[in-house]
Amino acid sequence: SQQGEEDPQALSIQEGENATMNCSYKTSINNLQWYRQNSGRGLVHLILIRSNEREKHSGRLRVTLDTSKKSSSLLITASRAADTASYFCATPPIQGAQKLVFGQGTRLTINP
Amino acid sequence: GAGVSQTPSNKVTEKGKYVELRCDPISGHTALYWYRQSLGQGPEFLIYFQGTGAADDSGLPNDRFFAVRPEGSVSTLKIQRTERGDSAVYLCASSLNRVMNTGELFFGEGSRLTVL
């Protein structure tokens, strides 16, 4: 079953621009996580935001969470060619579950 | 090791054969997960171990798939009578803390399975 759904499915921007990806989910959650996957590699954890947090920063990453709309966004500022990757949001399928369900991801391409 | 290790990195087999995929998690991580990822898709949950026991195997697609973790560390995903539709990248992840709290998953590089 799919919990998170990312939007857009693909995004192509110029280096230096900001990239925004959105995620919608269906059930109440304890936390929401964002992961990155370079082509042919495993996933790497980027950031976790708890249900009682509205915004969180990590370097050039900014994540927001709106539990009333069941949505989250990931903003990458001042994008670099090395940011080219797929980005996934992940949540437990039901509150308290000990597993993560991933969306289909946003494929981000940064053009030099 | 420093990270999650998966072997083999690539496996090509013929339809009907038996396959084993191995995962060595980060030392001390009690939770271990198997996911399957098809091209252009997100990871699909298969099974989750807490220690030696399978706490949630609801994602295993059918009884041809089985996973073990006999000593609470290394895990093996076993696929019997492989079918072409089993072709995918099989990802293993481990976690120190419970996912519902602060449990980020640490992923291996995956085992790419191709069934001819």
* Only one residue in A:Thr27, A:Thr109 is assigned to a strand (DSSP E or B) and open to solvent by 10 Å² or more (accessible area, probe 1.4 Å). Which one? -> A:Thr109
* **Residues located in region B:76-109, provided they are away from chain A (no Cβ under 14 Å), hydroxyl-bearing (Ser, Thr, Tyr) and surrounded by fewer than 20 Cβ atoms within 10 Å (Cβ to Cβ)** => B:Thr76, B:Ser87
* Before we move on, is A:Gln37 modelled with pLDDT under 95 and at the interface with chain B (Cβ under 9 Å from one of its Cβ atoms)? -> no
* To do: Output yes when any residue across region B:62-75 is assigned to a strand (DSSP E or B), within 13 Å of another protein chain (Cβ to nearest Cβ) and either within 23 Å of A:Pro92 (Cα to Cα) or of a type outside the set (Phe, Trp, Tyr) (or both), and no when none is.
  => no
* Structure fact -> B:Asp56 meets each of (1) of a type in the set (D, E, K, R); (2) surrounded by 16 or more Cβ atoms within 10 Å (Cβ to Cβ); (3) farther than 20 Å from A:Asn31 by Cβ with one exception, condition (3)
* Out of A:Leu32, A:Leu75, A:Leu11, which single residue is at pLDDT 90 or above, within 14 Å of chain B (Cβ to nearest Cβ) and not in a loop (DSSP other than H, G, I, E, B)? -> A:Leu32
* at pLDDT below 95, of a type outside the set (D, E, K, R) and more than 17 Å from B:Leu113 (Cβ to Cβ), is that true of B:Leu96? -> yes
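The values are calculated or read from the model by the stated rules, or taken from the named source; none is laboratory data. What you are looking at is a predicted structure, and each value in this text was computed from that prediction instead of being measured. Cβ sites come from the backbone with ideal geometry, for glycine too, and all protein chains shown count toward neighbours. Heavy atoms of the whole protein, side chains included, go into the accessibility calculation; ligands, DNA and RNA do not. Shrake-Rupley method; radii C 1.70, N 1.55, O 1.52, S 1.80 Å.
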